[in-house]
Amino acid sequence: MTQDRIRPGYWFRPKAFGYGATPATWQGWLVTLGYVVLAALIGNRATHGHPLFLWLLVPLTIALVWVCYTRTDGDWRWRWRP
């Protein structure tokens with residue numbers, strides 16, 4: 001069941017296949033882009049400096065998953081549409 005619109009206040013919609021969510025609004029895309037940029041900066045710094053910078057990715061990823069979960073218009077479950 002593909003939703004064309006999501007309810008106000010939600011930024012993500014459940015994935016059609018698999019587990020998780022996908023961005024559905026500009027806010028969701030901005031959060032996703034921000035995560036990618038920060039992860040790339042942390043990864044770049046870790047390769048040029050101390051590898052402990054990679055430990056910053058753990059809380060960053062947990063924060064992304066939490067935001068995605070709380071801002072998804074629907075539940076997170078395994079989906080397999082034929």
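One residue stands out in segment 34-55 among those that are touching a Phe, Trp or Tyr at 6+ places or on another chain (Cβ under 9 Å) and touching a residue at least 12 places away in the same chain (Cβ under 8 Å): the one that is surrounded by the most Cβ atoms within 10 Å (Cβ to Cβ), namely ILE42. Within segment 16-33, residues that are assigned to a loop (DSSP other than H, G, I, E, B) sit with their Cβ atoms under 6 Å from residues that are of a type in the set (Val, Ile, Thr), at 6+ positions apart or across chains, in these pairs: ALA24/ILE6.
In the condition set (1) touching a helix residue (DSSP H, G or I) at 6+ places or on another chain (Cβ under 9 Å); (2) surrounded by fewer than 15 Cβ atoms within 10 Å (Cβ to Cβ), PHE17 is compliant with all but (1). Can you name the residue in segment 47-82 that is assigned to a helix (DSSP H, G or I) and among the polar types (S, T, N, Q) and, of all such residues, is nearest to THR32 (Cα to Cα)? For segment 47-82, the residue satisfying everything is THR61.
All of the numbers you see were taken from the coordinates with simple rules; none came from a lab. Predicted model only: the values in this text are computed from it and were never measured. Because the Cβ atoms are built from the backbone with ideal geometry, glycine has one as well, and the counts that use them run over all protein chains shown.
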